[in-house]
Amino acid sequence: MKILLTGATGLIGTEVMKTLAAAGHQVTATDRKGGDIPSGVNFILGELTDDKFIESLDFNVDAVIHLGSIPRPFDDRDFEVFDNNVSCTYKVFAKAAANNVKVVIYASSLSIYGTAWSGPWTSPEFAPFDESLPLHHYESYALCKEVNERTADMWANRSKTAYVGLRFPFCNSMQAIEAHAIAQRDGDEETVTVAAKILWGYLDVRDAAHGILAILAGNSAGSKTYNFTAPDTTAPHPTSEMLAKFHPTTKVLKPIAGYGSLTDCSRWIAAYGYQPMHLIDRKKLGI
Ligand SMILES: NC(=O)c1ccc[n+]([C@@H]2O[C@H](COP(=O)([O-])OP(=O)(O)OC[C@H]3O[C@@H](n4cnc5c(N)ncnc54)[C@H](O)[C@@H]3O)[C@@H](O)[C@H]2O)c1
């Protein structure tokens with residue numbers, strides 16, 4: 001397939017670019033910073049908020065994968081995160097619709113539910129939670145993820161382009177995920193708090209990339225968003241114990257066995273049949 005990838009030299013983009021190239025896709029990749037570009041990929045350096053740059057990109061492709069974004073809120077530059085993430089996304093989605101691109105795959109975030117970066121401690125209303133969990137916004141990063149999902153809905157209404165939003169959890173290399181699990185095991189206070197706020201979710205970047213391949217191989221229509229996480233957690237204790245300690249107000253809808261994830265990804269699995277393969281090795285980590 002002919003694919004345009006944004007955010008290509010970022011953490012997830014680098015893995016996605018490599019995986020797409022290895023799968024034989026014809027990839028044009030773009031980012032505002034350079035990086036490690038696999039052979040065969042056409043890399044274009046540029047700024048997605050710049051209209052002229054967007055106009056110069058070839059949207060005559062089968063799929064757009066949009067990962068170009070600031071991936072967290074900055075307290076002192078809240079407006080910069082909003083401006084950047086909403087503006088880039090609107091333009092990319094609009095150009096894709098205008099060019100009848102078959103599918104746009106984009107990164108939303110589990111942060112959309114509002115627990116991750118909230119000032120006041122925020123717990124999910126219920127668990128396990130599917131995509132119907134209410135959204136609570138305390139900062140621009142989560143807010144712009146919601147704006148982007150609504151933007152996708154609008155362009156899906158106005159065109160034949162399908163929009164698939166992936167609500168990623170903490171997504172990184174297995175080395176970084178395991179380091180995060182070890183820090184929790186060893187009681188590092190800051191990590192323990194962060195992990196509880198991100199609901200102990202994770203996804204190996206290789207699974208993010210292969211999930212995207214599954215979407216390219218599947219059928220998509222309209223505008224849909226999916227929770228897409230590993231089926232377990234990074235926590236050192238069973239999920240029911242972690243919930244009782246850190247999120248005691250969360251209503252447990254059905255028992256979560258062992259170290260099972262709080263996230264219900266059944267909608268994602270039913271749509272594309274992909275289950276994450278790269279899971280943390282609890283035995284090796286002693287948790
Ligand atoms: N990594 C995670 O834990 C995680 C979790 C949930 C969602 N996400 C989402 O996944 C996507 C990718 O995240 P990541 O972790 O790879 O972040 P990253 O910062 O490593 O990569 C994002 C890339 O986008 C580029 N970019 C940002 N604004 C741009 C602009 N205006 N013009 C051109 N390029 C621009 C950056 O240069 C960067 O290379 C983001 O949408 C992020 O919100 C990431």
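Springs between Cα atoms under 10 Å define the GNM used for the chain, and in it the highest mean-square fluctuation of Ala195, Ala152, Ala22 occurs at Ala22. Based on alpha-carbon atoms, the Kirkwood radius and the radius of gyration of segment 1-148 give Rg/Rh equal to 1.00.
Our note on the geometry: Cα centres of segment 151-212 and segment 33-112, 18 Å apart. Which of the pairs Lys33/Lys197; Lys18/Lys160; Lys95/Lys197; Lys95/Lys224; Lys95/Lys145; Lys145/Lys254 have their Cα atoms more than 25 Å apart in this structure? As for pairs spanning more than 25 Å Cα to Cα, those are Lys33/Lys197; Lys18/Lys160; Lys95/Lys197; Lys145/Lys254.
In segment 29-122, which trypsin sites (Lys or Arg not before Pro) are in a loop and have at most 10 other Cβ atoms within 10 Å, using DSSP for the loop call?
On the way: sites: Arg32, Lys33, Lys52, Arg77, Lys91, Lys95, Lys102; in loops: Arg32, Lys33, Lys102.
Taking segment 29-122 and a limit of 10 other Cβ atoms within 10 Å, the loop trypsin sites (Lys or Arg not before Pro) found are Lys33.
Fewest first, what order do Lys160, Lys224, Lys283 take by the number of other Cβ atoms within 10 Å? Mind showing how you got there, number by number?
Values: Lys160 10, Lys224 19, Lys283 7.
Least to most surrounded, the residues fall as Lys283, Lys160, Lys224.
Sparse packing (at most 13 other Cβ atoms within 10 Å of the Cβ) combined with a DSSP loop state is found for none of the GluC sites (Glu not before Pro) in segment 159-248.
So which chymotrypsin sites (Phe, Trp or Tyr not before Pro) in segment 11-84 are both in a DSSP loop and have at most 13 other Cβ atoms within 10 Å of their Cβ?
Working: sites: Phe43, Phe53, Phe59, Phe74, Phe79, Phe82; in loops: Phe59, Phe74.
Sparse-neighbourhood loop chymotrypsin sites (Phe, Trp or Tyr not before Pro): Phe74.
When each of Leu67, Leu57 is scored by the number of other beta-carbon atoms lying within 10 Å, the sequence from fewest to most is Leu57, Leu67. Here Lys283 is the anchor, and the lysines within straight C-alpha reach of less than 24 Å, apart from those fewer than 8 places off in the same chain, are Lys245. Size descriptors for the chain (Cα atoms only): Rg and Dmax, in that order, 18.5, 53 Å. With helices as the sole contributors, the chain gives -11500 deg cm²/dmol at 222 nm; each DSSP H run of n ≥ 4 counts as -39500 (n - 2.57), and the sum is divided by every residue.
Fewest Cβ neighbours within 10 Å first, please rank Arg150, Arg72 accordingly. Show your work: numbers first, answer last.
Values: Arg150 9, Arg72 12.
The most exposed by this proxy come first: Arg150, Arg72.
With +1 on each Lys and Arg Cβ and -1 on each Asp and Glu Cβ, and nothing else charged, work out how big the dipole of the chain is about its Cα centre, in Debye to the nearest 20. Mind dumping the intermediate values first?
Values: 26 positive and 32 negative charges, 165 e Å.
The dipole of the chain has a size of about 800 debye.
Rounded to the nearest whole Hz, the Karplus-based 3J(HN,Hα) values (6.51 cos²θ - 1.76 cosθ + 1.60, θ = phi - 60°) of segment 151-167 follow the sequence 4, 4, 4, 5, 5, 5, 5, 9, 8, 9, 6, 8, 10, 10, x, 9, 7, with x at glycine and proline.
Here, each number is a calculation from the coordinates, and none is a lab measurement. Everything quoted here is computed from the prediction, not taken from an experiment. FYI the Cβ positions are ideal-geometry reconstructions off the backbone, even for glycines, and counts take in every protein chain you see.
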